[in-house]
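First comes the structure, then the notes that go with it.
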Amino acid sequence: MVHFGPRTPEYATILADSAVKRGAIAAEQAQERVALVAERQAALVRTPPPLVVVVLDESCIRRPIGEPAVMDAQLARLVEFAELPNTMVHVAPFEMGTRRPFDLPLYILTMADRSLMSYAESAQRGHFERDNRFVLPVLTAYHQLQAEAPSQTESVAMINQLRKGTP
């Protein structure tokens with residue numbers, strides 16, 4: 001659901017390289033994607049750091065990407081990210097079913113002037129929205145998702161269980 005959150009360089013590279021192998025993007029685009037991930041990671045640690053609330057679909061932590069060591073490093077990065085004072089991480093479990101309002105990546109940004117913007121991705125393109133008539137319903141649905149998802153403590157426990165090899 002969210003692609004802004006913490007990604008290790010190896011994880012990002014494997015995702016981009018797999019898109020090249022499928023013929024979905026060119027090698028240059030893959031390099032751009034990996035560079036963009038690195039830029040986003042740098043934004044997470046700027047001063048002052050942004051408040052980042054991430055709700056990941058359970059498939060994001062269960063679908064193996066690369067070798068086991070790559071996936072374990074990615075899961076460890078998620079746990080480290082959750083420990084930061086400016087972040088919150090939730091995992092939306094499969095059991096949420098239809099209570100999960102989003103099927104594709106979505107970003108909601110609160111700007112310095114407190115205005116809201118949203119960015120939604122599809123398989124073909126992204127859509128950037130500034131009009132509150134359209135952003136506020138998305139924000140409401142996101143808050144409903146947060147309320148339904150397990151707490152950060154429960155979500156981190158789920159991630160750690162996966163790291164230990166238990167479902």
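The values are calculated or read from the model by the stated rules, or taken from the named source; none is laboratory data. Note that the coordinates shown come from a computational prediction; the quantities given were computed from them, not determined experimentally. Ideal geometry is used to build each Cβ from the backbone, glycine not excepted, and the neighbour counts take in all protein chains shown. These accessible areas exclude ligands, DNA and RNA; they are computed on the full protein's heavy atoms, side chains included. Shrake-Rupley method; radii C 1.70, N 1.55, O 1.52, S 1.80 Å.
Give me the percent relative contact order of region 9-164, please, defined on Cα pairs under 8 angstrom at least 6 residues apart.
Values: 162 pairs, mean separation 33.9, N = 156.
In percent, rounded to a whole number, it is 22.
Please compute, for the alpha-carbon atoms of region 9-164, the extent along each of the three principal axes and give them in descending order in Å.
42, 37, 36
How much accessible area per residue does region 9-164 have, counting only protein heavy atoms and a probe of 1.4 Å, in square angstrom? Don't jump to the answer; show the numbers that get you there.
Numbers: 9590 Å² over 156 residues.
On a per-residue basis, region 9-164 sits at 62 Å².
Roughly speaking, to the nearest percent, how much of region 9-164's 1.4 Å accessible area is carbon and sulfur? Before the final figure, lay out the partial values.
Values: 5370 of 9590 Å².
Roughly 56 percent, rounded to a whole number.
Based on DSSP H runs of at least 4 residues, each adding -39500 (n - 2.57), what is the mean residue ellipticity at 222 nm of the chain after dividing by all its residues, to the nearest 500 deg cm²/dmol?
That calculation yields -15500 deg cm²/dmol at 222 nm.
Dipole of the chain, Cα-centred, from +1 at each Lys and Arg C-beta and -1 at each Asp and Glu C-beta, to the nearest 20 debye?
100 debye
I'd like the Karplus ³J(HN,Hα) series for region 129-135: coefficients 6.51, -1.76, 1.60, θ = phi - 60°, whole numbers in Hz, and an x wherever there's a Gly or Pro.
10, 10, 6, 4, 4, 9, 6
For Val20, what is the net charge nearby, where nearby means another residue's Cβ is under 13 Å from its Cβ and Lys, Arg count +1, Asp, Glu -1?
0
With a sphere of radius 14 Å drawn around the Cβ of Glu154, what net charge do the other residues whose Cβ falls strictly inside it have (Lys, Arg +1; Asp, Glu -1)? Working shown, then result.
Numbers: positive: none; negative: Glu58, Glu95, Glu148.
Cβ neighbours under 14 Å give a net charge of -3.
Would you grab the residues whose amide H sits under 5 Å from the one on His90? Only those 5+ places off in sequence or on another chain, please, with H modelled 1.01 Å from N.
Val54, Val55, Leu56
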